[in-house]
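Quick notes on the structure that follows.
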Amino acid sequence: MAYVSLACALLLVTGGLYYFFREEPVLPDNTPAVEQTTPQPASNLTFAGSSIVEEKNGQKVWELNAESIEVDAGGKLVFLKKLNGIFYQEKGGKVDMIAQEGILDTKTHDITLQGDIKATSSEGAVFTAPQGRYEEQTKTFSGTGGITLIQGDTIITGDKIDADTNLEKVKVQGNAKVVTGGNK
């Protein structure tokens, strides 16, 4: 079902791109000749205030809302600005995520995140990082550039983190530090 939804969305985008960029027949023009300009490459298609939803077996896997969504001319990449995402967990919980920018690969469904990333699980864990990535195939998050994970009175910091979508299984690398009792 998710692939059908994504295929329909890509079909609509491709149809829209075709409509806007198709070549029209040249009609005779009686106006004086104008200086020739170099043809410009096809531009990206942009949407404002839109969302993208990934579903599997009738259940939402994730939902991305953004201030603007831009699709490249080839339809392979989707660029999201001021992104708000929800990643749904199998056990009914969810992880809410915000980032300044995101790039969705329409083939792999991987999402690359950039800028002030903050993820909050329904169980209360809070994750922050400057850069991050969600991998659809493994259903994992990773963060780099100085990460922090706060869960209860435990604070984990490091250079890189790999975690499941529940933020329960976590691997921290590079300058890893764990502090319990809420003091940094």
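The values are calculated or read from the model by the stated rules, or taken from the named source; none is laboratory data. Keep in mind the model is a prediction, meaning the values are calculated, not measured. Because the Cβ atoms are built from the backbone with ideal geometry, glycine has one as well, and the counts that use them run over all protein chains shown. Only protein heavy atoms, including side chains, enter the accessible area calculation; ligands, DNA and RNA are left aside. Shrake-Rupley method; radii C 1.70, N 1.55, O 1.52, S 1.80 Å.
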Asp159 passes all but one of the listed conditions (1) free of Cβ contacts under 8 Å to residues at least 24 places away in the same chain; (2) over 22 Å from the mean Cα position of the chain (by Cα); (3) open to solvent by 50 Å² or more (accessible area, probe 1.4 Å); the exception is number (2)
Per the list (1) at positive phi; (2) open to solvent by 70 Å² or more (accessible area, probe 1.4 Å), residue check on Thr138 breaks on (1)
* To do: Go through the residues of region 124-132 one by one and say whether even a single one is loosely packed, with under 13 Cβ neighbours inside 10 Å and out of contact with any strand residue (DSSP E or B) (no Cβ under 9 Å at 6 or more places or on another chain).
  => no
Within region 162-180, residues outside any strand (DSSP E or B) and either modelled with pLDDT of 80 or more or open to solvent by 50 Å² or more (accessible area, probe 1.4 Å) (or both) come out as Glu168, Lys169, Gly174, Asn175, Ala176
Q) Does any residue of region 71-86 turn out to be within 16 Å of Thr140 (Cα to Cα), at pLDDT below 90, part of a strand (DSSP E or B) and open to solvent by less than 80 Å² (accessible area, probe 1.4 Å)? A) no
Among Lys107, Lys91, the single one that is open to solvent by 70 Å² or more (accessible area, probe 1.4 Å) and modelled with pLDDT of 90 or more is Lys107
The one condition Ala129 fails out of (1) over 22 Å from Ile86 (Cα atoms); (2) part of a strand (DSSP E or B) is (1)
Only one of (1) under 20 Å from the mean Cα position of the chain (by Cα); (2) over 24 Å from Ile69 (Cβ atoms); (3) not in a strand (DSSP E or B) does not apply to Gln137, and that is (2)
Note to self: So, Thr108, is that one in a strand (DSSP E or B) and either touching a residue at least 60 places away in the same chain (Cβ under 8 Å) or among the hydroxyl-bearing types (Ser, Thr, Tyr) (or both) or not?
What the structure shows: no
